[in-house]
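The values are calculated or read from the model by the stated rules, or taken from the named source; none is laboratory data. Note that this is a predicted model, so its numbers are computed, not measured. Don't worry about glycine lacking a Cβ; one is built from the backbone with ideal geometry, like all the others, and counts go over all protein chains shown. Heads up: the accessible areas ignore ligands, DNA and RNA and are worked out on the full protein's heavy atoms, side chains in. Shrake-Rupley method; radii C 1.70, N 1.55, O 1.52, S 1.80 Å.
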Amino acid sequence: MVNLIEAQKPLLTGMMRLAGLRPIDVELEPGTTMHVWAPKHHAGKKGTTISPHDASAAAAAAGEDAAATKKPSGGRRGSRRRKGPEAKPNVVLIHGFAAEGNVTFQFNFGVLVSRYNVYIPDLLFFGKSSTTDSADRSPEFQARCVAAALARLGVARCDVVGFSYGGMVAFKLAEARPDLVRSLAVSGSVVAMTDAVNRETMERLGAGSSAELLMPETLQGLKALFSVSMYRKMWFPDRMYKDYLKAMFTNRKERLELLQGLLDSNMDAKIPAFQQKIMLIWGEEDKLFDIELAKKMKEQLGENCYLQGIPKAGHLLHLERPCAYNRQLGRFLAYVNSQENQATS
């Protein structure tokens, strides 16, 4: 019997190709590959694989990118601007725990591709990304892999958009690589999933553990996850839920290790002093990470952090209210670009 969820993937793939994106397998090291949807100037129509042997050329391109955006030290004002698709700002979309990148951002990438070079990586053990070489399951490791993949693709500077688990990876990436990450737009996430935050969230939702909630094995468990993730009560036939379980919740052993790694790495976590502008785009009815948590996080992150709530939206706000989400994200990215243009003019 045809899996209805899998059957929709070719259509989504076609939409992404029409938008100018291509699938690329980036080999970070032997045994570790990250699958990335990237602008088509990186690959031919059938996609490609980028290996570590391509690193020197990519690093040179990244160096040119960084040099082109620096303000001249003296003389005539202005900067050398690159032409072609490489001249557009780079935006990286990092997905959450329930689906890979293209599924997560299927209603969002289309409004960005005309103004930005959009990159959508699959984190390790999601989609076609995997590793047989490393036992590290921390969000820091995911962030290092994203940074390495972007380096292979010649990306020296980017704005990062993170959702839920992807937001935690995005925060780690911004903390470790302020030279790479210019700004952050995060929804339904926290800087660090501490034991206290995890315990309060599970108790409030009546879940035994984050693994029980986020890695359901039964129809009832998946329905419960969707129920707490969405503001609107949506009805789907049971067959679709079953197909979703089979299609999206693969690599169960490794993903359970990712959840454990998330908690282990943040036992004594503190809020870093981020250099970047940060936008928190939040569903006002988010039951997983409620709006009060977002307000507290904004205060902790300081004056460079902004919070925009979206009414009648839950945790999956980018899917429930994509137009409202895209509008807020677009405004923030335009603001970040205008600030950089003023600084370099």
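Quick one: in segment 2-42, which of the residues that are in a strand (DSSP E or B) and among the aliphatic types (A, V, I, L, M) is nearest to P89 (Cα to Cα)? Don't jump to the end; show me each part of the working.
Filtering segment 2-42 down to residues in a strand (DSSP E or B) leaves 21-29, 32-39.
Filter once more, keeping what is among the aliphatic types (A, V, I, L, M): 21, 24, 26, 28, 34, 36, 38.
Details: L21: 15, I24: 19, V26: 21, L28: 24, M34: 22, V36: 17, A38: 13 Å.
Only one residue tops the list, namely A38.
Per the listing I310, I271, I278, I291, the residue uniquely modelled with pLDDT of 95 or more and over 21 Å from L93 (Cβ atoms) is I291.
Return yes or no: is D286 crowded, with 17+ Cβ neighbours inside 10 Å, over 20 Å from the mean Cα position of the chain (by Cα), on the phi < 0 side of the Ramachandran plot and not hydroxyl-bearing (S, T, Y)? Considered against the rule, which asks whether it is crowded, with 17+ Cβ neighbours inside 10 Å, over 20 Å from the mean Cα position of the chain (by Cα), on the phi < 0 side of the Ramachandran plot and not hydroxyl-bearing (S, T, Y), D286 comes out as no.
Looking at D179, D195, D122, D133 in this structure, which one is of a type in the set (D, E) and crowded, with 20+ Cβ neighbours inside 10 Å? Spell out how you get there, then give the answer.
Details: D179 fails: crowded, with 20+ Cβ neighbours inside 10 Å; D195 fails: crowded, with 20+ Cβ neighbours inside 10 Å; D133 fails: crowded, with 20+ Cβ neighbours inside 10 Å.
Exactly one of D179, D195, D122, D133 is of a type in the set (D, E) and crowded, with 20+ Cβ neighbours inside 10 Å, namely D122.
Of all residues in segment 19-39, exactly one satisfies the criterion of being of a type in the set (D, E) and over 15 Å from R144 (Cα atoms), namely D25.
Could you go through segment 227-243 and let me know if any residue there is in contact (Cβ under 8 Å) with a residue 60 or more places away in the chain and touching a Cys at 6+ places or on another chain (Cβ under 9 Å). Steps first, answer last, please.
Start the filter on segment 227-243 by keeping residues that are in contact (Cβ under 8 Å) with a residue 60 or more places away in the chain, which leaves 228-232, 239-240, 243.
Filter once more, so that each one left must be touching a Cys at 6+ places or on another chain (Cβ under 9 Å): none.
No, every residue in segment 227-243 fails to be in contact (Cβ under 8 Å) with a residue 60 or more places away in the chain and touching a Cys at 6+ places or on another chain (Cβ under 9 Å).
Contact map, segment 124-148: residues that are on the phi > 0 side of the Ramachandran plot paired with residues that are crowded, with 19+ Cβ neighbours inside 10 Å, Cβ distance under 7 Å, separation 6+ or inter-chain. Pairs shown: F125/R255; F125/L258; G127/H35; G127/E100; G127/G101. When segment 292-319 is filtered for residues that are in a helix (DSSP H, G or I) and open to solvent by 30 Å² or more (accessible area, probe 1.4 Å), the ones remaining, listed by number, are E292, L293, K295, K296, K298, E299, Q300, L319.
Could you tell me whether A99 is surrounded by fewer than 24 Cβ atoms within 10 Å (Cβ to Cβ), more than 10 Å from the chain's Cα centre (by Cα) and within 21 Å of N337 (Cβ to Cβ)?
Numbers: surrounded by fewer than 24 Cβ atoms within 10 Å (Cβ to Cβ): yes; more than 10 Å from the chain's Cα centre (by Cα): yes; within 21 Å of N337 (Cβ to Cβ): no.
Judged against the criteria, A99 is not a match.
When segment 150-171 is filtered for residues that are farther than 22 Å from I278 by Cα and touching a Phe, Trp or Tyr at 6+ places or on another chain (Cβ under 8 Å), only L153 remains. Against the conditions (1) in contact (Cβ under 8 Å) with a residue 24 or more places away in the chain; (2) surrounded by fewer than 20 Cβ atoms within 10 Å (Cβ to Cβ); (3) assigned to a helix (DSSP H, G or I); (4) not small (G, A, S), L259 satisfies every one except (2).
If you scan segment 129-152, which residues turn out to be assigned to a loop (DSSP other than H, G, I, E, B) and either out of contact with any helix residue (DSSP H, G or I) (no Cβ under 6 Å at 6 or more places or on another chain) or among the basic types (K, R) (or both)? Quick ask: steps written out before the conclusion?
The first filter runs over segment 129-152 and keeps only residues assigned to a loop (DSSP other than H, G, I, E, B), leaving 129, 132-138.
Matches in segment 129-152: S129, T132, D133, S134, A135, D136, R137.
On the given criteria, is S210 under 18 Å from G96 (Cα atoms), over 22 Å from the mean Cα position of the chain (by Cα) and open to solvent by 10 Å² or more (accessible area, probe 1.4 Å)? Spelling it out, it is not the case that S210 is under 18 Å from G96 (Cα atoms), over 22 Å from the mean Cα position of the chain (by Cα) and open to solvent by 10 Å² or more (accessible area, probe 1.4 Å). Working only within segment 320-345, note down all residues that are under 19 Å from F226 (Cα atoms), among the charged types (D, E, K, R) and in a helix (DSSP H, G or I). Answer for segment 320-345, where residues must be under 19 Å from F226 (Cα atoms), among the charged types (D, E, K, R) and in a helix (DSSP H, G or I): just E320.
Pairs linking a residue in segment 269-286 that is over 13 Å from M297 (Cα atoms) to a residue that is aromatic (F, W, Y) and exposed (fewer than 15 other Cβ atoms within 10 Å of the Cβ), with Cβ atoms under 8 Å and 6 or more positions apart or on different chains, are K277/Y335.
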